[in-house]
Amino acid sequence: MNFSKIFVPAMIFSFLLLASCGDSSSGSGAGGGEQDATVKAYPDSVGDIVFSDGTAVSYGVGLVLSGEQKSKAVAVIFYKEAGKMLGVGLRHDKAGRIWCDTSAQAYSRNLPGITCTATRLSDGSFSFSGDIDGSDNIDQIGLSDSYIQWRYPAFYYAINYKNEFSRVKGTRYESGWYLPSVAELYNIWKNKEIVDAAILIAGGDSFDLDNYWSSSVDGENESCASRLLFAYGTPDSSCKKYKERCVCAVREF
């Protein structure tokens, strides 16, 4: 019997079997259909997780970040339109803060410069008019930093976000954070599913069904400011002195 004719095909079969086994363990290394966290030079889409060096990864079902990537994640993009891109910080104040103290000048005062009016449309969604950009709302109130901490705690949290979330401190993103307008909060809610999922992957605080302070007022009640109910995506008003409202910080990217 010619054993060489049997031995050679057997070697080829064994080699192919080993190769196929090796292929099944290649890829992301995470297994279970998980998606590689492929880094891109900059964020460019809603749901992108932004890192402290300016790079980002796209959100996708099964996305997994390495420990190092999690330690550098700082925000999730929630809005991109007309050349403007906004992201929300990963850490939120879930315990709640008051919008302003009863001794603050803005407590019982009309503030037309930061009034953002919500209008319900026929399909149940909302449109907004007035001051939809919250980035300069504390400046329009006209207070120095020394007063913000004690009289405007919700604003103070957002403006000094670097002290609340160490991942941004000392990076290109340590400044520029602010308390979003009610229109900006609504844009977060419109993309809540993807934003919450990306935030959790990055080790942050999701919005869930909580109520969040905005930096806006509705112009109808001097002692009230605007908030957004994330359970329904509904903007409404709440007394400025009430603490049971969550706070987040946003910035432009």
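Quick notes on this one:
- Candidates in the range 159-186 are the residues that are out of contact with any Lys or Arg (no Cβ under 9 Å at 6 or more places or on another chain) and within 18 Å of I98 (Cα to Cα); of these, the one that is surrounded by the most Cβ atoms within 10 Å (Cβ to Cβ) is P180.
- Listed by first and then second residue, the pairs linking a residue in the range 207-222 that is farther than 22 Å from I159 by Cβ to a residue that is open to solvent by 50 Å² or more (accessible area, probe 1.4 Å) and assigned to a loop (DSSP other than H, G, I, E, B), with Cβ atoms under 8 Å apart and 6 or more places separating them unless they lie on different chains, are G219/N110; E222/S108; E222/R109; E222/N110.
- Residues of the range 233-247 that turn out to be closer than 16 Å to A183 by Cβ, out of contact with any Leu (no Cβ under 8 Å at 6 or more places or on another chain) and either open to solvent by 10 Å² or more (accessible area, probe 1.4 Å) or hydrophobic (A, V, I, L, M, F, W, C) (or both), as a count: 1
- Selected residue [open to solvent by 50 Å² or more (accessible area, probe 1.4 Å) and not in a loop (DSSP other than H, G, I, E, B)] from S122, S108, S129: S129
- Condition met for F155 (in contact (Cβ under 8 Å) with a residue 24 or more places away in the chain, buried (at least 20 other Cβ atoms within 10 Å of the Cβ) and touching a Phe, Trp or Tyr at 6+ places or on another chain (Cβ under 9 Å)): yes
- Scanning the range 223-232 for residues that are more than 17 Å from the chain's Cα centre (by Cα) and part of a loop (DSSP other than H, G, I, E, B), we see that the one that is surrounded by the fewest Cβ atoms within 10 Å (Cβ to Cβ) is Y232.
- Long-range neighbours under 6 Å by Cβ, at least six apart or interchain, first residue over 24 Å from R109 (Cα atoms) and hydrophobic (A, V, I, L, M, F, W, C) within the range 228-253, second open to solvent by 40 Å² or more (accessible area, probe 1.4 Å) and in a loop (DSSP other than H, G, I, E, B): F230/L209; F230/D210; A231/L209
- F78, sole failed condition from (1) surrounded by fewer than 18 Cβ atoms within 10 Å (Cβ to Cβ); (2) closer than 21 Å to S226 by Cβ; (3) not hydroxyl-bearing (S, T, Y): (1)
- Residue count for the range 195-222, restricted to those that are at pLDDT 95 or above, closer than 24 Å to R109 by Cβ and in a loop (DSSP other than H, G, I, E, B): 3.
- Residues in the range 51-61 that are open to solvent by 20 Å² or more (accessible area, probe 1.4 Å), over 17 Å from R172 (Cβ atoms) and modelled with pLDDT of 95 or more: S58, Y59.
A quick yes/no check of all residues on (1) part of a helix (DSSP H, G or I); (2) β-branched (V, I, T):
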site: G60; (1), (2): no, no
site: Q69; (1), (2): yes, no
site: I77; (1), (2): no, yes
site: K80; (1), (2): no, no
site: W99; (1), (2): no, no
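The values are calculated or read from the model by the stated rules, or taken from the named source; none is laboratory data. On a predicted model such as this, the values are computed, not experimentally measured, just so you know. Using ideal geometry, Cβ is built from the backbone for each residue, glycine included, and neighbour counts are taken over all protein chains shown. These accessible areas exclude ligands, DNA and RNA; they are computed on the full protein's heavy atoms, side chains included. Shrake-Rupley method; radii C 1.70, N 1.55, O 1.52, S 1.80 Å.
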